[in-house]
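Structure first, then comments.
FYI, it's all coordinate maths here, none of it is from the lab. What you are looking at is a predicted structure, and each value in this text was computed from that prediction instead of being measured. Here Cβ is always computed from backbone atoms with ideal geometry, including for glycine, and neighbour counts include all displayed protein chains.
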Amino acid sequence: MKSSAKVVSIGVIAIVVIFFCQWSRHSKNVNLAQTAAVLRTTPVETREFISPPKAIIDQSSIMIRPAPTPRQATPFEDTMALIHSKLHKWLEAKKNGSEEDETQSMVELQAMLTDTNAAEIIQSLSVDELDTPFGFEGIRHWMNADPVQASNWFAARPDTTQDQTAAVAQGWAADSAGLQNYVAQLPDTAWRQSFLQEVGSQMSVRNPAVAVKLAQQMTPGYDQTSLLQSVACNWAASDPNAALNWIASVKDPSLREQLAASAAQSYALTDPALATAWLVSMAKSDDLVKDSTLNIIQTWVTKDPASAAKWASQLPDDDTKLTAIDTVSKYWQQTDPIAAATWIQNLAEAPAAPAN
């Protein structure tokens with residue numbers, strides 16, 4: 001009997017334990033289901049205020065991120081900010097016609113440039129900022145430091161101006177050997193043509209022979225002829241014999257006559273009579289001789305009206321003589337009307353010169 005009661009007691013206890021476990025599991029599932037249901041029906045903006053049961057929070061997944069630290073500007077960025085600000089004020093003043101008020105500011109800006117920092121600063125400027133006195137001073141410094149890098153940078157820009165190209169050319173003018181090497185590796189582009197014209201024009205004063213070599217590397221046409229005429233003028237003024245020898249060696253007859261006319265007009269500032277005689281001997285085109293002769297007369301009469309008048313009176317009787325006499329008389333009557341009147345009277349009484 002006692003054994004039966006013991007067995008019954010153990011069975012009851014087992015049933016109670018099983019029932020409790022099932023009830024506990026069911027309760028937990030209900031809580032989770034209710035929580036999920038609440039989250040599904042709660043607006044997104046308010047869900048953050050609903051805390052899930054502590055039992056499902058994974059503490060290891062919680063990460064506290066520090067607030068980002070603002071990036072500090074570099075010294076160069078601070079410098080460029082100041083430069084942009086001052087240049088903006090200068091450009092605005094220029095637009096309003098009052099850039100003189102910002103003269104001191106521009107002087108201070110230019111003082112910030114060195115051969116060391118010019119490259120980085122120039123490459124950070126806008127198109128308008130580059131086309132300012134500050135920009136051109138920067139080009140000068142950059143050309144001092146690295147002429148090849150500076151020249152290539154401007155050569156690659158589609159918006160490089162003629163003035164900027166001239167500034168680059170000026171940087172090369174003192175280095176004829178380096179210039180020849182640089183030009184030799186330049187690709188055939190529009191900028192190369194423009195660069196050759198600018199640097200050749202500057203070299204025509206320093207070293208005309210080098211300028212001729214540069215001009216010969218240009219594409220034939222108006223720009224090349226214009227540069228060669230500039231060389232002829234400058235060379236005739238500094239060394240007329242060397243200039244005349246060079247011009248005489250030019251094989252193209254038409255080009256040779258144009259260069260002779262340019263050289264004669266320049267040499268007329270030194271010896272008008274000899275320049276005119278040389279022009280007549282070199283040039284065969286009547287129109288070219290006429291135009292050049294009249295240009296020489298205009299220069300000559302301002303230096304020595306009596307000599308110009310004497311020479312004009314010896315010209316053959318044609319349109320060139322009439323125009324030359326008219327040019328001399330108009331100028332001479334303003335500076336010495338008595339001498340001019342006497343000359344005109346003698347012309348009227350003199351026998352006519354033979355025409356060619």
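With θ taken as phi - 60° and the coefficients 6.51, -1.76 and 1.60, list the Karplus ³J(HN,Hα) couplings across the range 277-282 in order, rounded to whole Hz; mark glycine and proline as x.
For the range 277-282, the Karplus-derived couplings read 4, 5, 4, 4, 6, 8 Hz, x marking Gly and Pro.
Need one number: nm distance between label points at THR335 and ASP319, each 7 Å from Cα along Cα→Cβ, rounded to one decimal.
Result: 2.8 nm between the two label points.
When the scattering of the range 195-299 is computed by the Debye formula from its Cα atoms alone, each counted once and equally, what is log10 I(q)/I(0) at q = 0.10, 0.13, 0.23 Å⁻¹?
Here the Debye-derived log intensity ratios amount to -0.24, -0.41, -1.21.
Which value in nm describes the separation of the simple spin-label points at ALA111 and THR161, placed 7 Å from the Cα toward the beta carbon?
Output for this residue pair reads 2.6 nm.
Hey, any idea what the orientation-averaged projected area of the convex hull of the range 138-257's Cα atoms comes to, in nm²?
Answer in nm², one decimal: 7.4.
Could you work out the per residue convex hull volume over the alpha carbons of the range 96-154, in cubic angstrom?
75 Å³
At what distance in angstrom do the alpha carbon centres of the range 103-142 and the range 310-336 lie from each other?
53 Å
Dipole of the range 202-356 (Lys/Arg Cβ +1, Asp/Glu Cβ -1, origin at the Cα centre): which of ASN346, SER329, VAL250 lies farthest to the positive side?
VAL250
Taking square-rooted eigenvalues a ≥ b ≥ c of the alpha carbon gyration tensor, is the range 217-356 rounded, prolate or oblate, where a/c under 1.5 means rounded and, failing that, a/b exceeding b/c means prolate?
The shape class here is prolate.
Taking the mean number of other Cβ atoms within 10 Å as a proxy for protection, how do you rank 270-278, 184-192, 254-262, 295-303 from highest to lowest? Kindly include the intermediate steps, with their values, before the conclusion.
Details: 270-278: 17.2, 184-192: 11.3, 254-262: 21.4, 295-303: 19.2.
Highest mean packing first, the order is 254-262, 295-303, 270-278, 184-192.
Computed FRET efficiency, Cβ-Cβ of ALA190 and GLU349, R0 51 Å: what is it to the nearest 0.05?
So the FRET efficiency works out to roughly 0.25.
R0 = 25 Å: FRET efficiency of ASN152 with ASP287, Cβ-based, nearest 0.05? Walk me through the numbers on the way to the answer.
Details: r = 44 Å, r/R0 = 1.77.
So the FRET efficiency works out to roughly 0.05.
Would you mind checking the pairs LYS251/LYS290; LYS290/LYS321; LYS303/LYS330; LYS310/LYS330 and listing those with alpha carbons more than 18 angstrom apart?
The answer is LYS251/LYS290.
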